[in-house]
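Every number here is computed from the coordinates shown, using simple stated rules; none is lab data. A quick note: this is a predicted structure, and the numbers were derived from the prediction, not measured. All Cβ positions, even for glycine, are placed from backbone atoms using ideal geometry, and neighbour counts span all protein chains on display.
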Amino acid sequence: MATQEGKLWMNGTMIEQPDAKVHVLTHSMHYGIAVFEGVRAYQTADNRTAIFRLKEHTERLLGSAKIFQMDVPFDAATLEQAHKDVVKQNNLAEAYIRPLIWFGAEKLGLSSRDNSVNAMVAAWHWGAYLGEEGIKKGIRVKTSSYTHHLPNVTMCKAKASSNYPVSIMANQEVTRNGYDEAILMDPQGYVCQGAGENLFLVKDGVLHTPDLAGGALDGITRRTIVQFAEDLGIKVIERRITRDEFYLADEIFMTGTAAEVTPIREYDDRTIGNGGRGPLTEKLQTLYFDVVHGRNEKYMDWLSFID
Ligand code: PMP
């Protein structure tokens, strides 16, 4: 299913996508304040469909709205049900789900106080974001010339539309030159995150990931990997990390709802480790896919079944 087919949920009702229209004077379209999520539903071992960590995604969504003082007229339970309904009504066994909250078109001054707050949830089929081959063999990434946001200029805890131009420019810059994804440095010159992913490195059996003070998104897949590592007795250190530490890592991988767990085989034209998917990356990736597909009893609480 393409992005422009089927039904979506908008402001409380399920409608056909061509009817899901907004006015061109929509406040969010002019000034960029809209908040969203990327969520995935997977087919489970017993042939059902479950949304992965829906509660955490909805909590982050409503948290993003709070940061921008968007008074959302729908509670978490309503939004969560909308996610389930949109997957079900479009007959999707697996799906990428995109909720969005935005300011309406009632008024176009900078202040958004008198604008309505609107919400929609759409879903479509979306395979491996960085390619099936990337998942198995690893991808090639490159540091972008664009610097990641400065906290206090951008609200980095929010997953907001206005945070994405730098990610898009970085991604376009490096993919035009044949790389698979961009890495952004934080304003102090430390590694921050991928254009749409968090980053991990493995060195001597220990996991290291950039701390969130550098402005990286508090990724739900990142939290998942940290939890797995803790449960497996693998040490995780969150700290400032330089790009040359990444060059010298045994393994590097990126995480995200769309990107899932994708190994990095080359960074800034340097081969990482053995030049493929490293053993700890493979272990965590396998566990991730087992968990999202409901093949691991221990993490069943993270699955919201749609029926
Ligand atoms: N950083 C950015 C900029 C992202 O867009 C995403 C994807 N939402 C992530 C990190 C990973 O976050 P998550 O694991 O919650 O999808």
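Within region 184-202, find all residues whose amide N lies under 17 Å from a label point positioned 7 Å from the Cα of THR147 along Cα-to-beta-carbon. What the label zone holds, given the 17 Å backbone N cut-off, is 184-193.
Each label was represented as a point 7 Å from its Cα along the Cα-to-Cβ direction; for GLU59 and ASP244 these points are 4.0 nm apart.
Once the piece of chain linking LEU110 and LYS298 is laid out straight, how much longer is it, given 0.36 nm per residue of separation minus the C-alpha distance between them?
Contour length minus the Cα-Cα distance gives 62.9 nm.
Relative to one another, the C-alpha centroids of region 228-281 and region 1-58 are positioned 31 Å apart.
Extending 7 Å from Cα along the Cβ direction at ARG176 and again at ASP268 yields two label points whose distance is 2.2 nm.
Each stretch of four or more DSSP H residues adds -39500 (n - 2.57); spread over every residue of the chain, this sum gives -8000 deg cm²/dmol at 222 nm. Taking the longest Cα principal axis of the chain as reference, the axis of helix 279-292 is set at about 30 degrees. Pairs from the list LYS235/LYS283; LYS7/LYS84; LYS55/LYS107; LYS55/LYS88; LYS157/LYS235; LYS55/LYS157 with a Cα-Cα gap above 21 Å: LYS55/LYS107; LYS157/LYS235. Quick check for you: which residues of region 1-22 have the amide N under 20 Å from the point 7 Å beyond the Cα of ALA258 toward its beta carbon? The answer is 1-6, 8-9, whose backbone nitrogens lie closer than 20 Å to the label point. Its convex hull of Cα atoms gives region 77-134 a direction-averaged projected area, equal to a quarter of the hull surface, of 6.2 nm². What separates the Cα centres of region 69-134 and region 147-163 is a distance of 19 Å. The orientation-averaged projected area of the convex hull spanned by the Cα atoms of region 61-214 comes to 12.3 nm².
Between HIS125 and VAL236, the C-beta separation translates, for a Förster distance of 30 Å, into a calculated FRET efficiency of about 0.35. Projecting the Cα atoms of ALA123, PRO151, VAL141 onto the dipole axis of region 114-160, where Lys and Arg carry +1 and Asp and Glu carry -1 at the beta carbon, places VAL141 farthest toward the positive end. The C-alpha atoms of the chain define a longest principal axis, and helix 54-67 lies at about 70 degrees to it.
Between ILE67 and ALA2, the simple spin-label model (points 7 angstrom out along Cα→Cβ) gives 3.3 nm.
Shown is the FRET efficiency for ALA77 and ARG48, computed with R0 = 25 Å from the Cβ-Cβ distance and rounded to the nearest 0.05: 0.75. Where the alpha-carbon atoms of the chain are placed on the principal axes, they occupy 55, 47, 33 Å, in descending order.
The angle separating the long axis of helix 165-175 from the principal Cα axis of greatest extent in the chain is about 50 degrees.
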